[in-house]
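J.: Here's a structure for you.
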Amino acid sequence: MYSHSLVIWFKTRGEAREQRRIYMIIGAVAALLTGICVACNAVFMQFMWIEKRAAPEGGPLAYLDANSSIWYQVLGTAANMATNLVGDALLVIISFFKPYVTSNVSLSFTAAISSGARTFTSSPFPSSCTSDP
């Protein structure tokens, strides 16, 4: 879908092209961050379910618990949070001139920032994926 939008953007001329530039940049950043997130999760799941499946210490769940703070898993979490923030920032930009919408979108953006900060600061610690009571 992004490539189709990019082709249309290259075919347009003048003021319409300049107005759509920010959407192309945000789309490229979001596509790159989503690709990083998917690649990191694919590598982690390959290790967990295929290569380390017969681990003597408890199998895939023990591998998940022991390695949830590995660097590429933290990178995938950060890329996922950044993609969410980029999308929410786009909503704030679009709704900037509508005050009754901007307040709700800004509240959602603030909640996403605080939730993302909590998730990202707790994800590098070992056993951060388990929710012990």
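The values are calculated or read from the model by the stated rules, or taken from the named source; none is laboratory data. Every value quoted in this text rests on a predicted model; they were computed, and no experiment measured them. Don't worry about glycine lacking a Cβ; one is built from the backbone with ideal geometry, like all the others, and counts go over all protein chains shown.
J.: Identify the residue in region 67-113 that is free of Cβ contacts under 8 Å to residues at least 60 places away in the same chain and not in a helix (DSSP H, G or I) and, among all such residues, is surrounded by the fewest Cβ atoms within 10 Å (Cβ to Cβ).
T.: This residue is PHE97.
J.: Where the second residue is in a helix (DSSP H, G or I) and not small (Gly, Ala, Ser) and the first is closer than 17 Å to LEU64 by Cβ and without any contact (Cβ under 8 Å) to a residue 12 or more places away in the chain and lies in region 31-50, which pairs have Cβ atoms under 6 Å and are six or more apart or on separate chains?
T.: Pairs that qualify, where the first residue is closer than 17 Å to LEU64 by Cβ and without any contact (Cβ under 8 Å) to a residue 12 or more places away in the chain and the partner is in a helix (DSSP H, G or I) and not small (Gly, Ala, Ser), are TRP49/PRO60.
J.: Kindly check whether there is at least one residue in region 114-121 that is within 30 Å of SER3 (Cα to Cα), without any contact (Cβ under 8 Å) to a residue 60 or more places away in the chain and either touching a Ser or Thr at 6+ places or on another chain (Cβ under 6 Å) or not charged (D, E, K, R) (or both).
T.: Within region 114-121, one or more residues are within 30 Å of SER3 (Cα to Cα), without any contact (Cβ under 8 Å) to a residue 60 or more places away in the chain and either touching a Ser or Thr at 6+ places or on another chain (Cβ under 6 Å) or not charged (D, E, K, R) (or both).
J.: Here is a further query. For region 1-59, which positions are polar (S, T, N, Q), more than 30 Å from ILE94 (Cα to Cα) and surrounded by fewer than 14 Cβ atoms within 10 Å (Cβ to Cβ)?
T.: GLN46
J.: Test of understanding: among ALA30, ALA89, which residue is modelled with pLDDT of 90 or more and within 30 Å of ALA111 (Cβ to Cβ)? Talk me through it step by step, then tell me what you get.
T.: Details: ALA89 fails: modelled with pLDDT of 90 or more.
Criteria check complete, one pass: ALA30.
J.: Answer yes if at least one residue in region 36-44 is at pLDDT 80 or above and over 30 Å from HIS4 (Cα atoms), and no otherwise.
T.: Within region 36-44, the first condition is being at pLDDT 80 or above, and the residues that meet it are 36-44.
Subset that is over 30 Å from HIS4 (Cα atoms): 44.
Yes, region 36-44 contains a residue that is at pLDDT 80 or above and over 30 Å from HIS4 (Cα atoms).
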